[in-house]
1. Which value, in debye to the nearest 20, describes the size of the charge dipole of the chain about its Cα centre when Lys and Arg Cβ atoms bear +1, Asp and Glu Cβ atoms bear -1, and nothing else is charged?
2. Please report Ser91, Ser70, Ser107 as a ranked list, fewest other C-beta atoms within 10 angstrom at the top and most at the bottom.
3. Below 8 Å between Cα atoms, with a sequence gap of 6+, how large is the relative contact order for the range 5-164 in percent?
4. Taking a ≥ b ≥ c as the square roots of the eigenvalues of the Cα gyration tensor of the range 1-159, is the shape rounded (a/c under 1.5), prolate (a/b larger than b/c) or oblate?
5. Quick check: from the Cα gyration tensor, does the range 108-154 come out rounded (a/c under 1.5), prolate or oblate?
6. Extension gain Ala29-Met1, at 0.36 nm per residue separation less the Cα-Cα distance, in nm?
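Rule-based calculations on the coordinates, nothing more; no lab input. Small disclaimer: the values here were computed from a predicted structure and weren't measured. Cβ atoms come from the backbone with ideal geometry, glycine included; neighbour counts cover every protein chain shown.
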Amino acid sequence: MSPRVVLVGPPGAGKTTVAAELGRRLGVAVRDTDADVEAREAMTVQDVFVTHGEARFRELERDAVREALSTHDGVLALGGGAVTTDAVRRSLDGHRVVFLDVSLTESAARVGLGTSRPLLLGNVRGTLKKLMDDRRPLYTQVATLTVVTDGLSPEQVADHILTEL
Ligand code: S3P
């Protein structure tokens with residue numbers, strides 16, 4: 001069993017919304033590794049970071065990705081930082097992976113200032129810029145398709161992905 005499509009990309013790229021749209025159109029279930037970690041730990045991602053630290057979160061995330069890749073056959077959205085883990089990038093080999101690309105301006109606007117994302121507390125735009133610069137090569141490395149989402153609705157992004165599947 002293997003997901004029909006895996007979505008990667010930075011915070012604010014629209015992974016969760018596009019995953020829901022794709023799931024609806026394809027008539028398949030949607031899974032999200034952040035939600036899987038939250039269910040397993042019975043706490044929010046933010047609390048996992050505060051209580052156990054980022055390194056532990058990345059381990060839990062890696063395990064959630066592995067498990068979902070082998071048991072889920074719908075749409076799978078990964079947390080924005082999942083690709084920073086080598087084992088996650090390796091595990092994506094052979095899967096259909098869509099990189100939802102987004103400009104810094106649009107990402108910052110979508111994430112907003114009142115973010116609950118632990119890595120973005122404080123200087124949202126500056127931190128996002130660094131994350132996106134550091135991770136762009138990693139998203140590109142794992143992706144079999146890249147969609148630039150700026151100015152597109154989730155429906156339009158889903159249209160684009162479905163024509164390529
Ligand atoms: C993270 C992104 C978040 C979540 C965690 C870490 C990151 O997911 O996994 O806060 O490192 O970029 P989203 O991309 O869904 O916001």
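1. Numbers: 20 positive and 23 negative charges, 43 e Å.
Dipole size: approximately 200 debye.
2. Neighbour counts put them in this order, fewest first: Ser70, Ser91, Ser107.
3. The normalised contact order for the range 5-164 reaches 35 percent.
4. rounded
5. Because a/c hits 1.5 or more and a/b fails to exceed b/c, the range 108-154 counts as oblate.
6. Between Ala29 and Met1, full extension yields 8.8 nm more.
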